[in-house]
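Right, one structure below, let's go through it.
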Amino acid sequence: MTDDGRIRCPWAVDGPGATLYRDYHDTEWGRPLHGRDALFERLSLEAFQSGLSWLTILRKREAFRAAFHGFDVEAVARFTDIDVERLLADAGIVRNRSKIEAVIANARVVLELPVDLDELLWSFAPPRRARRWESIESIPAVTEESTAMARELKRRGFRFVGPTTAYALMQATGMVDDHLASCWVAAETVGAEKADGKESATRSPTE
């Protein structure tokens, strides 16, 4: 429990960067996210996070957005070698050539997709779990769905999209909701679902 009296998933409470983690946990993680550019941003940030802590990415997030033109897919797809060198000189982001080039290449793949990125990614969202995890140790790092997503993305030409990265993306964008049973966000979600169910039950068939 934190100073506001709310119980959260342990990773959002302890250690350095707790405030950043708490805000991200409360307002973004596990909440459904849609939109091509928004999902492209998350896919790119997850790629940059590979081998690093998520806290590093959160701290550099605004710098990433500025450097990659708000993760506008068309804009990033037009990046050239000059932009790669510009990004490698930008101390505000993670200066890794392979990851930078992967993000640019991924933007070009997105533009070539026969379906919208939103539709493609969300097609791998599993059915909602009937019960929530009781402990953080119970949460998997890889699932059948994330493995399938990674395989399909790689088949289409995406880079830095292994099964672990794919599952982290699914968690971050609400394709799965891994807030623990004791977390206040989970309780809020249950309350909203009950309210929606009550409203639906009271509507007439002609509404």
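No lab work stands behind these numbers, since they all come straight from the coordinates. Predicted model, so just to flag it, every value in this text is computed and none were measured. Every residue, glycine as well, gets a Cβ built from its backbone with ideal geometry; the counts of neighbours run over all protein chains shown.
Scan the range 46-63 for residues that are part of a helix (DSSP H, G or I) and more than 14 Å from Tyr24 (Cβ to Cβ) and the total you get is 3.
Inspect the range 124-138 for any residue being farther than 28 Å from Thr27 by Cβ and either surrounded by 13 or more Cβ atoms within 10 Å (Cβ to Cβ) or not small (Gly, Ala, Ser) (or both) and give the result as yes or no. No, the range 124-138 has no match at all.
Here the range 1-46 is the region considered, the condition is being among the β-branched types (Val, Ile, Thr) and over 14 Å from the mean Cα position of the chain (by Cα), and the residue that is farthest from Trp184 (Cα to Cα) is Thr19. All of Leu45, Leu39 fail the test of being closer than 21 Å to Trp122 by Cβ, surrounded by 17 or more Cβ atoms within 10 Å (Cβ to Cβ), touching a residue at least 40 places away in the same chain (Cβ under 8 Å) and not polar (S, T, N, Q), apart from Leu39. Condition check for Arg131 on (1) over 19 Å from the mean Cα position of the chain (by Cα); (2) in contact (Cβ under 8 Å) with a residue 24 or more places away in the chain; (3) within 25 Å of Asp72 (Cβ to Cβ): one failure, at (3).
Could you check, for the range 23-45, whether at least one of its residues is touching a Pro at 6+ places or on another chain (Cβ under 9 Å), closer than 20 Å to Ala141 by Cα and part of a helix (DSSP H, G or I)? No; the residues of the range 23-45 include none that is touching a Pro at 6+ places or on another chain (Cβ under 9 Å), closer than 20 Å to Ala141 by Cα and part of a helix (DSSP H, G or I). Number of residues in the range 70-94 that are under 26 Å from Gln171 (Cβ atoms) and not small (Gly, Ala, Ser) equals 6.
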